[in-house]
1. Quick one: which residues, 5 or more positions from D:W72 or on another chain, have an amide H under 5 Å from its amide H? H modelled 1.01 Å from N in the peptide plane, none for Pro or chain starts.
2. Which of D:L616, D:L141, D:L272, D:L422 has the fewest other C-beta atoms within 10 Å, and how do the rest follow up to the most?
3. What FRET efficiency comes out for the pair D:V482/C:F327, r = Cβ-Cβ distance, R0 = 60 Å, nearest 0.05?
4. As a check on your grasp of the helix formula, calculate [θ] at 222 nm for chain A: sum -39500 (n - 2.57) over DSSP H runs of n ≥ 4, divide by the residue count, round to the nearest 500.
5. Considering every pair of different Cα atoms, what Kirkwood radius, in Å, is found for the stretch C:158-311?
6. The stretch D:442-494: D in µm²/s via Stokes-Einstein (Kirkwood Rh, Cα pairs, 10 °C, 1.306 mPa s)?
7. Applying the Karplus parametrisation 6.51 cos²θ - 1.76 cosθ + 1.60 with θ = phi - 60° to the phi angles of the stretch D:229-240, what ³J(HN,Hα) value in whole Hz is obtained for each residue in order, glycine and proline being reported as x?
8. About its Cα centre, what dipole magnitude does chain D give when the only charges are +1 on Lys and Arg Cβ and -1 on Asp and Glu Cβ, stated in debye to the nearest 20?
Amino acid sequence: MVPITTLHYLVVAAALFVLGAIGVLTRRNVVIVLMSIELILNAVNLNLVAFSRMWGNLHGQIFAIFIVVDAAAEAAAGLGILIAFFRNKETVNIDEIDLLKW
Amino acid sequence: MNPALNSALSINSGMAPVATPWFFYALAGMAVLSGVFVITRRNAVHAALALIITLLSVAGLYLMLYAPFVAGVQIIVYAGGIMVLFLFVIMLVNIERSSKERAFNRMWPVGLAAAGALMVLFASAIVKGSHINDMFRDRLMPLPESTNTQQIASLLYGEAGRMGQYTFAFEIASLLLLVAILGAVIMTKKKI
Amino acid sequence: MPNFIMSYLGSTVTPGEAGSQFWALIYVLIIFAGVSVAVICMNWIERKALAHFQIRLGPMRVGPHGLLQPFADALKLMLKEDIIPAEADQFVFWVAPLIGLLAAFTVYTVIPFGPSQAVSDMNIGILFMLGVSSLGVLGIVVSGWASNSHYPLIGALRSSAQMVSYEVAMGLAVVSAVLMTSLNASGTGTLSMIGIVQAQQQQGVWFIFKFFPLGFLAFVIFAIAMVAETNRAPFDMAEAESELTAGYHTEYSGLRWSLFMLAEYAAMIAVSSIAVTLWLGGWMRPFPNLLHAPAWDFIFSLFPGLTFGGLAAIAMIGAARMPAHSFFRIQRIGLAVFAALLAFSALLLLVIAIAGRSADTSVAARFREGIDYVYWFVLKVAVFMYLFIWYRATWPRYRFDQLMRIGWKVMLPISLGVLLLTAIVGVILP
Amino acid sequence: MFLNHIYLIPLFPAFGAVIMFFFGRRLQKATVNAVCVGAVVVAFLFACFTVVEYTHFAHGTGHPFEKILYTWLGSGDGHLNFVKRDGTTASFNADAGFLLDPLSSIWLLFVTGVGMLIHIYSTGYMAHEGGYYRFFGYLNLFMFAMLTLILANNYMMLFVGWEGVGLCSYLLIGFYFHRNSASTAANKAFIVNRIGDAGFILGALTLAWYLGSFRFTDINVQARGGHFAIGDPVLTAAALLLFIGACGKSAQIPLYIWLPDAMEGPTPVSALIHAATMVTAGVYMVARSNAVFVLAPTAMKTVAIVGALTAVFAASIGLVQNDIKRVLAYSTVSQLGYMFLALGVGAFAAGVFHVFTHAFFKALLFLGSGSVIHAMSGEQDMRNMGDLRRRIPTTHWTMLVATLAIAGIFPFAGFFSKDEILWQTWASEGGAYRILWFVGYGTALMTAFYMFRLMYLTFYSPSRMSHEAEHHVHESPKSMTVPLVILALCSIGAGWLSWPHSLGGSAHFEKFLEPVFAREAVVLVEEGKSAQLAAGEKEAEHTDKTEYALMFLSLAAAGVGWGMARHSYARAAKGYKEPIAVDAPPLYKLLYNKWFVDEGYDYVFTGRRKVGKVRLGVMGAGEASSWFDAKVIDGAVNDVGWVTKAIATISTWWDKWIIDGVGVNGPAILARMISYPARLFEWGLVQWYALVMVAGLLGFGVYYVWK
C-alpha cells in the first residue's frame, strides 16, 4: 500500500475545485451556485491544511480557519441577497438575474 | 502496569497511527462522489445533503492531517451552521417550476470546457510538480496533535500578554462577520 | 485471553489514545447498548413519573407496575407497517431519521464516564460535541421537508430556527466554562472533555461554583438552552400537538418514528452529560477535596452497591404488597426475580468495593474505581433526566415569538456578559 | 491589597455611570441613588483605606507609589518614535499608570469625600427634577474623570482626566439644555476650556520632546538632576504653556470668564465641579509640575502676578453682584487666584492647603446657597431675600461657619490657609514683590465684605420676599442638611491640620507634603539664585513678630470688612440702595458690569458686538480681509476671466467643429460599429464573468507551470 502523501490530498482538492468550478459555471439555481462556491473554498482549505502538514507548521490551518469564517460571511450575505431578490422577482435562476444588463 | 498491558495497548505518544490509507481513499472517494452529486442533482435539497457529506468527509481528511481543530470548526460552522442556513433558504425559495426547468444554463458547454481546461492544468501541474524534487514532499512533517488547539490559540490570541501573530487579522475577521450579519439582516428585512 | 481483558482494566488512558481499535469497538458497543437500554428505561420512568405528577397510575398491566411496557411498545413499533407518503421525497424521507440518530450517538464517543472510561479523549472534545449535536437539526429540517406536508414543514422550520438560536447562547456558556479551565499555572486551557473534568479536579471546585455566581449563571443558561436544543417541554414548539399535530414527524410511523424518539432521548442524555462534565465535576464523587482520606474513598465506593440494594428492597416490598389474588401470582414471581437480580448486582458491587478498597494499582482496585466513576457520572446525568420529566409535567408551552425573544434578547446578552465577566475576573482575581 | 488595586477607585464611579447610561432610564430613583451614591461611597472608603495603606508603604518618606497596568498609548517596540531635542530617539509612551504620593492622596481624599457628600445632597436637591438618572450618571462620570486626573502618573493620562472633567462640566452646565442661557453657558465653558487645553497639550508635548518622557517621576528625576540651568528657555516655555492650561481649567485671567456663567448648572454641580474639585485641577497640575516650574522663575512670576490680579479683580466684581450664586462664583475665582499666588511665590504647600480648606467651605457655601434657593422656590436674587435666619436655621448656621472660614476669622479653616499664603507672599521676596502682599491683603478685605454682605442680605436684614415665596419657605430635607453639617464641621476643623509653628502648632499638613516639594527647595538654595521661594529656608529667617503683626492685620481686615457690611446692609429694607452706587456711581456701574470684560471679548474675539457697522478685533480682521478678497482680488480675477472667455469663444468653435467633428466623433462611430459584434460576448449572465475569471486563472496557471 502506498503511504498517503501530500500529493494525494492535492489530487482530491483539485478534483473538488474542478467540480466546484463546473457547478459555478453551469448551474442555473443560485443556491447551488453558492454551494459550488463552498466546494471551491473547501478544496482550497484542504490544500492549505495539507501544506500545513507538509511543512510542519500551523499557519495553513489558521488560514483555513479564516477561510471558514469568510465562507460563513459569504453564505450569510449571499443568501440574504438571494432572499431579497426572490421577494422581488419570484425566481432563483441566475440567468434571469439580468436587470443591470440594460 | 504489567508488560502484557503495554504490548496490548502499544501506547505511542505523539503520532498514533489512527488511520490506514483505506480511510483516506474512502473519505476522498466519498467527498468527490458527493461533490459530483452536488453539481448534478436537480433538487437543491439533495444537492445540499450531498454537500454535507462532502463537508464531513473533508473534515475527516483534516483529522487525518492532524488538524483536529480545523475539523471541528468545519463540522460546527459548515455542517451545523452554513448548511442549515442553506436548507432554510432552499425551503423558503422552493418553487415548483424549478424542478421542471432546465438545470443548466445556456453556456454549459463553454463552462464545462473551461472547467476541463482547469482540470488539465491541475493535472499537468501535479505531474510536473511531483517530478521536481521537494516541491510536494513525500514525507509529512510531524505535527503534535495533542496541543493543536493550544498552539492555534497562541497564534491567534498570543500568550502571556503579547499579541499573537494573527490577532489583528482575527479581529478584522470578526468585523467582517459583523458586517455580513448586518448586511444579511438589512437585506432580508421587509421594512427597514 | 482473560489476562488480556483483566489487564486492560488497569489502563489509565482511553482506547482512542492508546490506539487500540479493538477496545474502542468494544466501548462503542457497550455505550450503544447502554444508551439504548437507558432510553427504554427513560420511557418507562417518564410515563410513570408523568402519571404520578397527574395523580394517575400510568402503565400497570404489562409486567409488574408496567415494567415490561417499553418492551411491548418497542415490539409494537417494530412490527407496525412502515408508511411512506406517496408525495414524499422517498430517499430523504428514509435517510432523515438516520441523520438525527447518527448525530445523537456519535456524540458519545467523547463523553468521559471516567478518566479512562471513554472511547476517545479528543483534543477538541467539547467542540466536537457541539458540532456533532448541531448536526441533529439537519435530520429534523430534512424530515420536515421530505414529508411534503404543511405541519411537518412548519415544525421543522420552527425547530431549526429554535435550535440554531439557542446554540449561540449555549456555545457562549460553554466557552465561559472552557475559559475557566485556563486558570492554572501554565495559562493554557483545554477543550478535551477529560481535561475539563481534570481541571475542575485540580482547581478543587466544580465550575458551577467557580466565581459564584458567574459559573452558576453560565450553567443556568446552558441548562435552559439544552432543553430548547432537544426540543423538550416547555420549548417543544416543533412537535406541539395542539398546534402542529406532531410537528416534523407527523408523517412518520413505526420503526422510523421510534428512531426519532431514540434520537431525541439519546440527545437529551448527551447534552446532560455535557452539563455534568462542564459544571458538575463529571465523574468525580462529591467532596473529593474535603473528604479525601482513603476511608472516605471506601465509604463512597459503597454507594453503587447500596443503591442497587435499595432498588432491590423497593422491588421486594412491591412484590410483597401485591394483592394475594391468584391473578397476580405470575407478576409477583416476576417482580421477586427482578428484585433478586438487583440484589445479586448489589452484592457483586459491594464485593468489588470491598475487594478493591486498597488504593493500590491492583486490577480489583482499578475495577472498583472504574465502577465508582461511572456510577457518579450516571447518577448526575440521571438527575438531569428527571429534571427533563419534571419540566414537562410542570411548565406550560411557550409561544414561538416569546421563545425567540428570550433566546436572542435575554439569553444571548446574559451569556455574553457572563463570558466577559468571567474573562475579567479570571484576569483580575488570581 | 488596596494599594495594588488603586485603579479600582476611578472604576467604581465609572461603573455607576455606565449603568446609568445604559439602563438609567428604566431605573427607579431609589435604585439610581443606590448605584450612584453607593459607587462614590465605596470609592471614598476605598480611597481612605488606600491612603492609610500608602502611609504605611511610604513610612513618612513620601516615596511615591506607582502602579502601571499596561501601555495605553504607543508601545515599547519601536512604534511612534520621535527624535528628542538632543538627537536621541525616545518612544512616545504613555501608560495606564497610577501614581499615589502625598499630593495626590490629599486630592484623592477630599475629592471623594466632598464628592460623596454632594452626591448625598443631590439626592435631596434633585428629587423633583427630570433627568434624575442623567444627572447622577454625569456626576459619576465626572468623579471617574476627576479621579483619573488625580491618580494619573503621566501627562497623557492626566490629559484624559482633564478632558473628561471638561466634558462633564459642559454636560452638567448644560443640564437644563432647554434653557438657552444654560446651553450658551455650557458652550462658553467648553470653548474657553479648549483654549487652555491647547496650551496644556503643547506644554506636555514640549516637556516630552525636551525630557523624553511623560511620566511625572521621570520628569522630576531629570528636572531635579541639575542638568538644567535655572531659567532654561524651553522649560520656561513649557511651564508657561502648562500655565495657560491651568488658567483655562482654574478660571484665571484672561480665561476666567466661563466660571461665573457656569452657575447655570444645578447648584450641587456648582459646588462639586465649579468650586471644590474641577477648578482646582489647574492648581493640582501646576503643583504636580513643580519641578519644572521651579526651574522657570519667569513662569513662576507670571503665575504669581496672574493669581494676584485674578484674586483682586474677581473680588471687586463680587462686591456688587446680586445673584447669590454669582457672588460665590466670583469668590471662587478670587480664591483660586489666591492659590495661584501661593504657587507663584513658591509656597506650594500653602497653595495646596488652601485648595484643601477651600474645598470644604466653598462646597458648603454653594450647598448652603442651594438650600436657600431650594427654600425660596428657585429665587436667586438676594434683593428678594432677607430674614431667613430663623426660618432655615441649619442652613443659616452652617453658612455662617463657612463665611467665617472664608473671611479668615480665627480659628476657622480659612484663617490658617489664607494667613499662610499672605505670610509666604510677604516673606518670599522683598522689594516690589511686596505689592503682591498688598493686593492679597486688599482681596482679603473685599472677601470679608462681600461674604458678610451676602449673609446680611440673605439672613439678617428685614424680609424683602414676595408673599408667595414667604409662604413656601421651608428647611431642606435631612439628605441636604446632613452634608451641610458635616461640611461645616470640616470647615471649622480642617485648618487645624496645619496649625502654624508661630502659634505653637506643628504644621502636619506641610510636613506630609514636604517630600513632594522639598527637593526643589534644596536645588534652589544650592543654586543660590532664586531667593524667590524655598519655604523651608525662609523658616529660619522669619521673625515671629512680623508674622504676628501680619496675622493681626488680616484679622483686622476681616473685622473691618464685616463691620462695613454690617453697617451697610444690616437694615437693608425693600428697595435699598447699594452704598457704592450712592457714593461712586461710575465705579458701581463698572463693577456691576464686571469691568465690561465680556463685552470687550465680544468686541475683540467673538465679533458679536460692532462699532457702528464695523467689527473690531479678530472677526473684524477677517471681515476686512474678506472685503479685500471680494472687491480687489476677485475684481482682478474677473477681469482676467473676461479675457479668458473671449479666447474661449474662439476655441469653442474650433473644438466643436474640428476636434469633435473629425477627431472624436470619427473614432466614436468606428467604435460603435465594432461594438455590435463585441456585445455578443457580454450578454448579462453572471456566470460569464465567472468564466472570465477562470480564464484568467488558467492564464496564470499556464504561465507558472510552463514558464
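Laboratory data are not the source of any read-out in this text; all were calculated from the coordinates shown. What you see is a predicted model, and the numbers here were worked out from it, not measured in a lab. No Cβ is skipped: glycine too gets one built from the backbone with ideal geometry, and neighbour counts run over all protein chains shown.
1. Amide H neighbours of D:W72: D:A94, D:D95, D:A96.
2. Working: D:L616 17, D:L141 23, D:L272 31, D:L422 28.
Neighbour counts put them in this order, fewest first: D:L616, D:L141, D:L422, D:L272.
3. The computed FRET efficiency comes out at 0.10.
4. Only helices count here, giving -27000 deg cm²/dmol.
5. Numbers: mean 1/r = 0.0561 Å⁻¹.
This gives a value of 17.8 Å.
6. Translational diffusion coefficient: 115 µm²/s.
7. 6, 5, x, 3, x, 5, 4, 4, 4, 4, 5, 5
8. It works out to roughly 1600 debye.
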